[in-house]
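First the structure, in the form of structure tokens, and then the observations on it.
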Amino acid sequence: MSKPVGMLTLPDQQLEIHLADHEDTDLICQMLIEAAEWMISQGIYQWNPEQFTQEEIMSYFQYRQIYIIYARTEAAAMFTLQQSDPDYWGMRNSKGYNYLHRLTVRRNFSNSGLGAYIIEWAAERTRKSGGKGLRLDCLAQNLKLNGFYQKLGFRYMGTALKNGREYNLYEQWDTVDSSPADDLVDFVYFNDKDIHLLQSWSASEAFQLQWAGGRWSYPLTEEDMRAYIQDANFPWKSDTLIFKVIHRRSKEIIGHISLSEIDRRNRSARICRVILGDPKYRGRGIGKAMIVEMLRIGFQALNLHRVTLGVFDFNRPAIQVYLSAGFKKEGLMREKILYRNEYWSMLEMSMLRHEWEELYGEDR
């Protein structure tokens, strides 16, 4: 067995990380074939067992570092790192990053949270070596796996097509221009398990109308919510991307935001349904960070030209947040929404791609 190059400290055990060599080829093949067969049994067709031949694994040593994680003498997991990945990242490829592939945790260790520890170790190793950051990809249709990476602080960078399948590209990030370090937030796909949060945050009909608009009934129904999330969160084809916002330090789900009305022909979209559910997180720069991230996804990841939003003209705190993020006022839609016996007017705002580039830079 090769010598360890690192350690992973889990709550109930310590594991050693070894840099593999050619003598480990059979073990690596076995682990990847096991993983591929399990995926297929779960209806996930990301890997094919037949692709993992000895010749395939031997080729990895030419451009990847292969790591095996041991629990004493038992191989528990593996992954690879490489310094370039043009096959998936194309024009976005940069040799300043480490690219993680073939993350595999054997079934006996699948409930230990080992995958997250491995990713953090790889990210720390990248930082210590002076790299820009850690990147990875995963099958775009696997919403559960996408959510797992999003919870670990990975942000969506785009979708690549390879061998007839869509893969979402992710990059781990640690800073947000508009949010202090203690209030970093992560954007994770909203799903049916989160419906109760929106219901609990809509304390009144008037408040729900302010953040959600007038398309939903009050109080919120599961029927409306399930229709909302149906067919969402497939970035290459959905017209809506929906996120819950998780406070990184406290791990609390604190907000919700969506990028809707995605029009790929005209390269436009609309930020909608913005809410910070817990009042204690308001006034801390998080709302602006949420808007800035939707702009980045729209302009950088989806290559849009125009992003819009609407806000009621009396909601001055929200208007100030949108102005500080760089939105410009376009006009007032007078008496657009009827609430009981009163009409509300809506301010229309927008940002264009060149304005975003001037403010934030395309490589942000």
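The values are calculated or read from the model by the stated rules, or taken from the named source; none is laboratory data. Small disclaimer: the values here were computed from a predicted structure and weren't measured. Note that each Cβ is placed from the backbone with ideal geometry, even for glycine, and that neighbours are counted across all protein chains shown.
Details
- Filtered residues of the range 98-116 (kept if of a type in the set (Phe, Trp, Tyr) and over 18 Å from the mean Cα position of the chain (by Cα)): Phe109
- When Arg107, Arg125 are checked against the criterion of being surrounded by fewer than 20 Cβ atoms within 10 Å (Cβ to Cβ) and either in contact with a helix residue (DSSP H, G or I) (Cβ under 8 Å, 6 or more places away or on another chain) or polar (S, T, N, Q) (or both), Arg107 stands alone in meeting it.
- Any hit, the range 17-26, residues being modelled with pLDDT under 95, out of contact with any Phe, Trp or Tyr (no Cβ under 9 Å at 6 or more places or on another chain), in the same structural domain as Leu152 (by TED's automatic domain parsing) and farther than 18 Å from Tyr149 by Cα: no
- Some residue of the range 18-30 being in a strand (DSSP E or B) and farther than 24 Å from Leu143 by Cα: yes
- Out of Arg265, Arg215, Arg249, sole residue that is closer than 26 Å to Phe154 by Cα and not small (Gly, Ala, Ser): Arg249
- Comparison of Phe234, Phe207, Phe243 shows that the only residue that is under 26 Å from Lys280 (Cα atoms), in contact (Cβ under 8 Å) with a residue 40 or more places away in the chain, not assigned by TED's automatic domain parsing to the domain that holds Leu152 and not basic (Lys, Arg) is Phe243.
- Top-ranked residue in the range 342-364 [being under 17 Å from Gly213 (Cα atoms) and of a type outside the set (Phe, Trp, Tyr); ranked as farthest from the chain's Cα centre (by Cα)]: Glu342
- Cβ-Cβ distances below 8 Å connect the following pairs, each with a first residue in the range 44-64 that is of a type outside the set (A, V, I, L, M), a second residue that is part of a loop (DSSP other than H, G, I, E, B), and a separation of six or more residues or different chains: Gln46/Asn142; Phe61/Asp21; Tyr63/Ser84.
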